[in-house]
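Here is the structure we will look at.
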Amino acid sequence: MALTTDQMNQLLDSVRAYLNINWPDENRDARLRQVLLAGMAYIDSLMPAPLDYTIDGEAQSLLLIYVMYDESHAADDFGKNYAARIDTLKWQEEVRAYRAAQEDSEGSDLS
């Protein structure tokens with residue numbers, strides 16, 4: 001999912017709040033933007049389809065945790081430590097995609 005500038009800034013604000021960053025720092029913000037993009041790419045690579053990180057929910061929560069791990073130089077541990085939550089989200093997304101496909105095929109059968 002391509003983010004608008006406003007959406008990225010909202011995610012950045014969420015990261016700052018999550019990490020208790022209360023001071024402006026353009027260099028750190030630029031790095032956090034890169035980490036957000038890397039985190040989205042990593043999590044999306046584990047999912048059946050790209051996720052929407054702009055809404056409160058499990059995808060955004062996992063992304064914030066990924067950024068926290070990266071800030072602690074432990075991004076390699078994220079997948080292992082959060083495997084159960086990642087798998088649960090993947091299964092939920094697979095069910096959602098299956099249901100959408102079923103609804104689409106039922107709708108096309110009526111035509």
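The numbers here are math on the coordinates, done by the rules we state, and not lab data. Keep in mind that what you see is a predicted model, and the values were worked out from it rather than measured. Don't worry about glycine lacking a Cβ; one is built from the backbone with ideal geometry, like all the others, and counts go over all protein chains shown.
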### Farthest toward positive dipole pole in the chain [+1 Lys/Arg, -1 Asp/Glu at C-beta], among ASN27, TYR53, THR4
ASN27
### Query
In degrees from 0 to 90, rounded to the nearest 10, what is the angle of the helix 5-18 Cα long axis to the longest principal axis of the chain?
60 degrees
### Summary
Between the Cα axis of helix 83-109 and the main Cα principal axis of the chain, the angle (0 to 90°, nearest 10) is 30 degrees
### Message
At 7 Å along Cα-to-Cβ for each site, give me the label-to-label distance between GLU103 and ASP13 in nm.
### Response
3.0 nm
### Message
Given the DSSP H assignment, sum -39500 (n - 2.57) over each helix run of at least 4 residues in the chain and divide by its residue total; what's the result at 222 nm in deg cm²/dmol, nearest 500?
### Response
-24500 deg cm²/dmol
### Message
For the chain, I need the span (max minus min coordinate) of the C-alpha atoms along each principal axis, in Å, sorted largest to smallest.
### Response
57, 31, 18
### Query
Hey, how many Å between the Cα centroid of the stretch 1-36 and the Cα centroid of the stretch 42-107?
19 Å
